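Peer 1: My questions will all concern the structure given below.
The values are calculated or read from the model by the stated rules, or taken from the named source; none is laboratory data. It should be emphasised that the depicted structure is a prediction, and the values quoted were computed from it without experimental measurement. Glycine also receives a Cβ, built like all others from the backbone with ideal geometry; neighbour counts cover every protein chain displayed.
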Amino acid sequence: MSQIYKNVTGQLQSVAKAETVLIRGARQLVTLRGRAGPRRAAELGDLSIIPDGALLIRDGSIAEAGPTRRVENLRAARRAREIDASGRVVMPGFVDGRVQLWPESQDRGRAGTGLSALTARALAACARKVLAGMARHGTTTVCAATSAARDHSTELKMFRVLAGLHGQPVDVLTAYVPLVPGGSDRDAANQVELLCTERIPVVARRKLARFAVGDWGTLAPAAVRRLLECARNLGFPLHVWAGTNPLALPMSVEMGALSITLGRIGDDEIRVLAPSRTIALLQPASLFQRRSEATPPSRALIESGAAIALASGFGLEDGPTYNMQMVLSLACSEMGMSPAEAISAATINAAYALECGAECGSLEPGKRADVILLNVEDYRDLADRFGINHIHMVFKNGTAIYQEGEVTH
């Protein structure tokens, strides 16, 4: 176990694991209660806030959420361990739908060279540092893509490592990105058939990944379709990394992809996306890094009724941060979203993009107790006070996994 990960968990020795926890007195309890399914249009900005709110947590799940006076008087709350949230915002943990836990080489032709030389233990130690940092910043669920790997043995090694990282300390859902090395069209076609006839079936049979990703990159549309159809036929829910290819969106909607990572998009594409189940996955931090590129029209997407979610994109291409608080702030300042819309997109909608919206993403009875306490009095401060880690405490499955430490004088 890495020293950084030990330091994070070590700070929690004074916060004992309790079967029942009462978080009380929150200035704003941001519940995001609502209908099942991703939030769209006006409901994206409805956070269902309870002033002076409280949460009762039992056996890792939320048992009750409501006004403090009512919840603290429940019989089950009488012997609970109390956490005072006075003056703080309490909300669901962030869900980050697109990360990579190992750095990606910009030269895809040699992307797997460094990874193949690392042992599984070294890969796990590197990833744990990243996951600990994410936990300290309030992320409780991530979807981690496999790094580019030219050989199947390196891919299998990464799958084993990612499986071992699940719950250490956050939930890690694995997305398989079938890689087609550069070369002639004929070579690419041969590689696609190899993936479809050998590698993808092995990943499916062994249940090594939860999702499959269609990465348009430099592939021809027919090759991407072949990969997506193969993965879908094997039972994988699909995600699509579209870049700026105009053909990616209609194909993604047609094939029922859970999400699509967008670059430029016009009115015609918005009309296709709006009524579909496919969620537009936006990465404000990556777009901020690449200021020369057009920003997806988030306001037009929201007003059309399209579902949108936020992700950091950390470790992929030029994703510069895993701090979802900063991602939320950039969504407001650079993409015209309101703080409430950004919070919904980074929690409940991101959870539905990963097919776990019934389990996390909001603070409702029966859902996992993935909860963060913030050192702000109003949720809008997350957008206004950027570049700061506002996290006071993080709960994962009802257990405190991080608590803000004191400054030594």
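Peer 1: Of everything in the range 363-409, what is touching a strand residue (DSSP E or B) at 6+ places or on another chain (Cβ under 9 Å) and of a type in the set (D, E, K, R)? Give them in sequence order.
Peer 2: Residues satisfying the conditions are Glu364, Lys367, Arg368, Asp370, Glu377, Asp378, Asp381, Lys396, Glu404.
Peer 1: While we're here: Being in contact (Cβ under 8 Å) with a residue 60 or more places away in the chain and among the aromatic types (Phe, Trp, Tyr) is the filter here; which residues of the range 257-316 pass it?
Peer 2: Across the range 257-316, the qualifying residue is only Phe314.
Peer 1: Can you name every one of the strands (runs of 3 or more DSSP E) wholly within the range 203-312 that holds 3 or more residues which are touching a His at 6+ places or on another chain (Cβ under 9 Å) and under 27 Å from Leu328 (Cα atoms)?
Peer 2: 211-215, 259-262
One line per residue, one yes/no per condition, for (1) touching a helix residue (DSSP H, G or I) at 6+ places or on another chain (Cβ under 8 Å); (2) closer than 16 Å to Thr347 by Cα; (3) crowded, with 20+ Cβ neighbours inside 10 Å; (4) not charged (D, E, K, R):
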| position | (1), (2), (3), (4) |
| --- | --- |
| Leu258 | yes, yes, yes, yes |
| Gly305 | yes, no, no, yes |
| Asp318 | yes, no, no, no |
| Gln325 | yes, yes, yes, yes |
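Peer 1: I need the full set of residues from the range 203-218 which are within 30 Å of Thr295 (Cα to Cα) and either in contact with a helix residue (DSSP H, G or I) (Cβ under 7 Å, 6 or more places away or on another chain) or among the charged types (D, E, K, R) (or both), in order please.
Peer 2: Arg210, Ala212, Gly214, Asp215, Trp216
Peer 1: A further question on this structure: Determine the pairs where a residue that is more than 24 Å from Gly387 (Cα to Cα), located within the range 120-139, has a partner that is assigned to a loop (DSSP other than H, G, I, E, B) with Cβ atoms under 7 Å apart, the partner being 6 or more residues away or on another chain.
Peer 2: Leu123/Trp102; Ala125/Ser2
Peer 1: Then there is this: Residues to consider are Leu287, Leu258, Leu281, Leu328; find the one that is aliphatic (A, V, I, L, M) and either out of contact with any Pro (no Cβ under 9 Å at 6 or more places or on another chain) or not assigned by TED's automatic domain parsing to the domain that holds Pro103 (or both).
Peer 2: Result: Leu281 is the single residue among Leu287, Leu258, Leu281, Leu328 that is aliphatic (A, V, I, L, M) and either out of contact with any Pro (no Cβ under 9 Å at 6 or more places or on another chain) or not assigned by TED's automatic domain parsing to the domain that holds Pro103 (or both).
Peer 1: Another question about this same structure. Where residues in the range 7-33 are within 21 Å of the chain's Cα centre (by Cα), modelled with pLDDT of 95 or more and not charged (D, E, K, R), which of them is nearest to Arg75 (Cα to Cα)?
Peer 2: First pass over the range 7-33, keeping only residues within 21 Å of the chain's Cα centre (by Cα): 8, 30-33.
Filter once more, keeping what is modelled with pLDDT of 95 or more: 30-33.
Still in the running and not charged (D, E, K, R): 30-32.
Details: Val30: 24, Thr31: 22, Leu32: 25 Å.
Taking the candidates together, the pick is Thr31.
Peer 1: If you go through the range 37-51 one residue at a time, do you hit one that is closer than 16 Å to Arg81 by Cβ, touching a Gly at 6+ places or on another chain (Cβ under 8 Å) and among the small types (Gly, Ala, Ser)? Reasoning before the result, please.
Peer 2: The first filter runs over the range 37-51 and keeps only residues closer than 16 Å to Arg81 by Cβ, leaving none.
Within the range 37-51, not a single residue is closer than 16 Å to Arg81 by Cβ, touching a Gly at 6+ places or on another chain (Cβ under 8 Å) and among the small types (Gly, Ala, Ser).
Peer 1: Do we have any residue at all in the range 373-385 that's over 22 Å from Leu131 (Cβ atoms), part of a loop (DSSP other than H, G, I, E, B), of a type in the set (Val, Ile, Thr) and not assigned by TED's automatic domain parsing to the domain that holds Cys143?
Peer 2: Looking for residues that are over 22 Å from Leu131 (Cβ atoms), part of a loop (DSSP other than H, G, I, E, B), of a type in the set (Val, Ile, Thr) and not assigned by TED's automatic domain parsing to the domain that holds Cys143, one finds at least one in the range 373-385, hence yes.
Peer 1: Inside the range 31-57, can you point out the residues that are crowded, with 18+ Cβ neighbours inside 10 Å and over 24 Å from Leu281 (Cβ atoms)?
Peer 2: Across the range 31-57, the qualifying residues are Ile49, Ile50, Gly53, Ala54, Leu55, Leu56, Ile57.
Peer 1: Taking the stated definitions as given, is Met335 at pLDDT 95 or above and not assigned by TED's automatic domain parsing to the domain that holds Ala26?
Peer 2: Working: at pLDDT 95 or above: no; not assigned by TED's automatic domain parsing to the domain that holds Ala26: yes.
For Met335, the condition - at pLDDT 95 or above and not assigned by TED's automatic domain parsing to the domain that holds Ala26 - is not met.
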